[in-house]
Amino acid sequence: MVGMTAASAHGPGSGPLTGVRVVELAGIGPGPFAAMLLADLGADVVRVDRPGKQALGMDPAHDLTNRGKRSVLVDLKSGDGAEQVLALAERADLLIEGYRPGVAERLGIGPGPCLERNPRLVYGRMTGWGQEGPLAGRAGHDIAYLAPTGALGLAGRTDEPPAFPANLLGDFAGGSLYLVVGLLSALRHAERTGEGQVVDAAIVDGAAHLTTMLHGMMAAGGWQDRRGTNLLDGGSPFYGSYETADGQYMAVGALEKQFYAEFIRLLGIEDTAPGRTDFGRWEELRAEIARAFRTRTRAEWTEVFADSDACVAPVLSLREAPHHPHLAARGTFTETDGVHQPAPAPRFSATPTSPPGAPALPGADNASVAADWELPHLAAPSA
């Protein structure tokens, strides 16, 4: 596979973060995904699992967000649990925790004692609401974090509830990716100065930051503050999805004039479609596009648009995606132990990453981590 090398059966693989040590305090959602991304890039990620805890209620062998990591079991409520985590932090470059504010402090593994033991440590905190503010101590999930930022209200038709793409926009885009950017930025500072710090990554901050361009467009008068009325939010008839004859969908993004011209030509409505800038007839144009798409199947339309610049693509399911010809040619997906999954991204010319390793099983690596990290005491507690 281009840009990837063979993975080691145990421990970290290769990549630009080879040699970087990460401690992940087990949680769910954006924290584990951020740690997975670091592992994908070659970091040695040690996940600290707690006895009796099973994230998401799934078989750990299928939790792909734990791929390429190692797991140790530590009972944080035992007499030496906090000390074992502090010993790991002392030897780490990065630490990730996703507890509610104050929990890590009560467990004795907050930023204070960790940075006291390791002044170069970058301590990453992943939450929905952040470490301060009126809602900092409240529970929440992706959709609730998106709602007050304006990001949730962007997508969908005007007369329908907002649409949302699972938990990708909040948890992983606004949360995990911003945490990773923060961790690596702070790591760069620590490498230059020897000074560690705390990274407060809040989903509300990241999700709001993602809307920066739209705030600029709104200030310039190019974006209405209601969904389903703008160029990129379903308001435009040539930027959206249309049903085909077999109940599947094609995605259309023919924004520029030249791409639009090719789109309506290949769709067969070049002589009947209203003008693209005749805003008063946009609903008529939408109906004409929808009528045309319903005359053929998704596979047939895929073939029609395959070699064009009309910016049209088939809408595939998760199971179908790995078999798309372009994604297959690039190796965008890979297979590990019979499970299709996205390959590490992005790609590097000088420091290629390894194919993803199997998900870490809770407590499977106490002995190897103790040896590799030179920890005298890391005995697995009773599960």
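The values are calculated or read from the model by the stated rules, or taken from the named source; none is laboratory data. This is a predicted model, so every value here is computed, not measured. Reconstructed Cβ throughout: ideal geometry from the backbone, glycine too, with neighbour counts over all protein chains shown.
Look at Gly280 and say whether it is part of a helix (DSSP H, G or I) and at pLDDT below 95. For Gly280, the condition - part of a helix (DSSP H, G or I) and at pLDDT below 95 - is met. Scan segment 91-108 and tell me whether some residue there is buried (at least 18 other Cβ atoms within 10 Å of the Cβ), in the same structural domain as Gly42 (by TED's automatic domain parsing), among the aromatic types (Phe, Trp, Tyr) and touching a helix residue (DSSP H, G or I) at 6+ places or on another chain (Cβ under 7 Å). No - not one qualifying residue is present in segment 91-108. Highlighted here are the helices (runs of 4 or more DSSP H) found entirely within segment 58-157 that include at least 2 residues which are within 29 Å of His209 (Cα to Cα): 103-107, 111-117, 142-146. Would you mention how many residues in segment 162-208 are crowded, with 22+ Cβ neighbours inside 10 Å and either among the acidic types (Asp, Glu) or on the phi > 0 side of the Ramachandran plot (or both)? Total meeting the criteria: 1. If only residues of segment 13-31 that are under 18 Å from Ala345 (Cα atoms) and of a type in the set (Gly, Ala, Ser) are counted, the one that is modelled with the lowest pLDDT is Gly13.
Any chance segment 298-315 includes a residue that's modelled with pLDDT of 95 or more and touching a Lys or Arg at 6+ places or on another chain (Cβ under 6 Å)? Scanning segment 298-315 turns up at least one residue that is modelled with pLDDT of 95 or more and touching a Lys or Arg at 6+ places or on another chain (Cβ under 6 Å).
Considering segment 300-314, the residues that are part of a loop (DSSP other than H, G, I, E, B) and of a type outside the set (Ser, Thr, Tyr) include one that is surrounded by the fewest Cβ atoms within 10 Å (Cβ to Cβ), namely Asp307. Looking across segment 334-369, just one residue is touching a residue at least 60 places away in the same chain (Cβ under 8 Å), part of a helix (DSSP H, G or I) and of a type in the set (Gly, Ala, Ser), and that is Ser368.
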